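Asks: After the structure tokens below, expect a handful of questions from me.
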């Protein structure tokens, strides 16, 4: 994926409330993305274009939704399957929908998963775990009396049937034998040939890593260690870069939300920054703009997931065909509201070529 300076300068002036990129800043941004000294052959897009909102809060009499957040996505059986946090009166839950085309997403039938009686189960991740021939849904869940949230999971053999998911069970239960050094949130599983890794963030500039043997998953997680200490916040999502011996993790920063990016040779290795400032982000207000014909609606890039090349536990993404499903809203619309009142909607970023 290559960009010329002239082409990006012509397309990089962002209007309608977004910051304006100067020619010098675009040139510096492009230079930082094409040198590739730490990232090998992987290039961070210099500019993304965002779609109109694809999934918005649904108006309904029963369980009215305030926000749609934290999307996790797979393409399977000719359909897109989306699991996401839905903010309901007094609780947060996981909602599901499926569709063949993204243009149909907002009109597709939605189902709140009946996997827990907790008032707080959310921030899901979905993948097919090939050794078990089952779909896994991993999420955070509040449990009365537990000092840390559960790292919870449910399974099914039929992703098309939202009522088939098993009731919540703990991967880690927050009890005295829980190996986590802090509770953390936004739990994320990715596997190589030998191990399943669990990553989490703790809202204080730290990303943590635990692992277990593939044959022991979803049990046996231990060896909790610090994986990254940096100016990061939450929602760390790691992927295998297709065609490269590299792993990518993207992590959200606080404030006006944007994503940073880090790269590593191994899932138990050192994460090196490749796009880790507001001026030069992986995806943020400095390098996004509405796609042609789309009314501007966001300057936040929050809790998102890259579209995968496949659906299994290895979480491959194709660096030549990146797409990023995210939650967005105007930063000005946060003013005077608690986080739980933010009206997030789900859209998609596509690199501008």
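The numbers here are math on the coordinates, done by the rules we state, and not lab data. Bear in mind that the values here come from a model prediction, so they are computed numbers and not experimental data. Reconstructed Cβ throughout: ideal geometry from the backbone, glycine too, with neighbour counts over all protein chains shown.
Asks: Determine, from the Cβ-Cβ distance of residue 108 and residue 176 and an R0 of 30 Å, the FRET efficiency 1/(1 + (r/R0)^6), rounded to the nearest 0.05.
Replies: 0.10
Asks: Counting pairs of alpha carbon atoms under 8 Å apart in space and at least six apart in sequence, what relative contact order in percent does the stretch 243-353 give?
Replies: Normalised by residue count, the contact order of the stretch 243-353 is 18 percent.
Asks: Here is a further query. Mind checking the full-extension length gain between residue 91 and residue 226? Use 0.36 nm per residue of separation minus the Cα-Cα distance, one decimal, nm.
Replies: Numbers: separation 135, 0.36 × 135 = 48.60 nm, distance 3.12 nm.
Separation in residues times 0.36 nm, less the Cα-Cα distance, equals 45.5 nm.
Asks: Can you give me the relative contact order of the stretch 5-351 as a percent, contacts being Cα pairs under 8 Å and 6 or more apart?
Replies: 18
Asks: Please compute the length gained on full extension between residue 312 and residue 295, using 0.36 nm multiplied by the number of residues separating them and subtracting their Cα-Cα distance.
Replies: Extending this stretch completely gives an extra 2.6 nm.
Asks: Next question, about the same structure. I need 295, 234 ordered by Cβ neighbour count within 10 Å, fewest first.
Replies: Values: 295 8, 234 20.
Sorted ascending by nearby Cβ count, the order is 295, 234.
Asks: Let me ask another. Work out the FRET efficiency for residue 193 and residue 339 from their Cβ-Cβ distance, taking R0 = 35 Å, and round it to the nearest 0.05. Walk me through the numbers on the way to the answer.
Replies: Values: r = 39 Å, r/R0 = 1.11.
E(calc), rounded to 0.05, equals 0.35.
Asks: Run through the DSSP bridge list for the stretch 79-205 and note the antiparallel percent, rounded to the nearest 5.
Replies: Taking every DSSP beta bridge within the stretch 79-205, about 95 percent pair in antiparallel fashion.
Asks: Could you list 153, 139 in order of exposure, starting from the residue whose Cβ has the fewest other Cβ atoms within 10 Å?
Replies: Sorted ascending by nearby Cβ count, the order is 153, 139.
Asks: Just for the stretch 5-351, what percent of DSSP beta bridges are antiparallel, to the closest 5?
Replies: 90
Asks: Grab the beta carbon distance between residue 215 and residue 75, set R0 = 30 Å, and tell me the FRET efficiency rounded to 0.05. Write down the numbers at each step before the final one.
Replies: Numbers: r = 28 Å, r/R0 = 0.93.
With R0 = 30 Å, the Cβ-Cβ based efficiency is 0.60.
Asks: How large are Rg and Dmax for the stretch 142-301 when only the alpha carbon atoms are used, in Å?
Replies: Rg then Dmax for the stretch 142-301, in Å: 17.5, 54.
Asks: Express the relative contact order of the stretch 163-268 as a whole percentage, based on alpha carbon pairs under 8 Å and six or more residues apart in sequence.
Replies: 19
Asks: With 10 angstrom as the radius, rank 109, 49 by how many other C-beta atoms surround their C-beta, starting from the fewest.
Replies: Final ranking by Cβ density, sparse to dense: 109, 49.
Asks: Name the most mobile residue of 259, 339, 96, meaning the one with the largest mean-square fluctuation, in a Gaussian network model of the chain with Cα contacts below 10 Å.
Replies: Fluctuation is largest for 339.
Asks: How many angstrom lie between the C-alpha centres of the stretch 62-136 and the stretch 182-204?
Replies: 20
Asks: Taking 0.36 nm per residue of separation and subtracting the Cα-Cα distance, what length does fully extending residue 353 through residue 144 add? It would help to have the intermediate numbers written out before the result.
Replies: Numbers: separation 209, 0.36 × 209 = 75.24 nm, distance 4.95 nm.
Extra length from residue 353 to residue 144 when fully extended: 70.3 nm.
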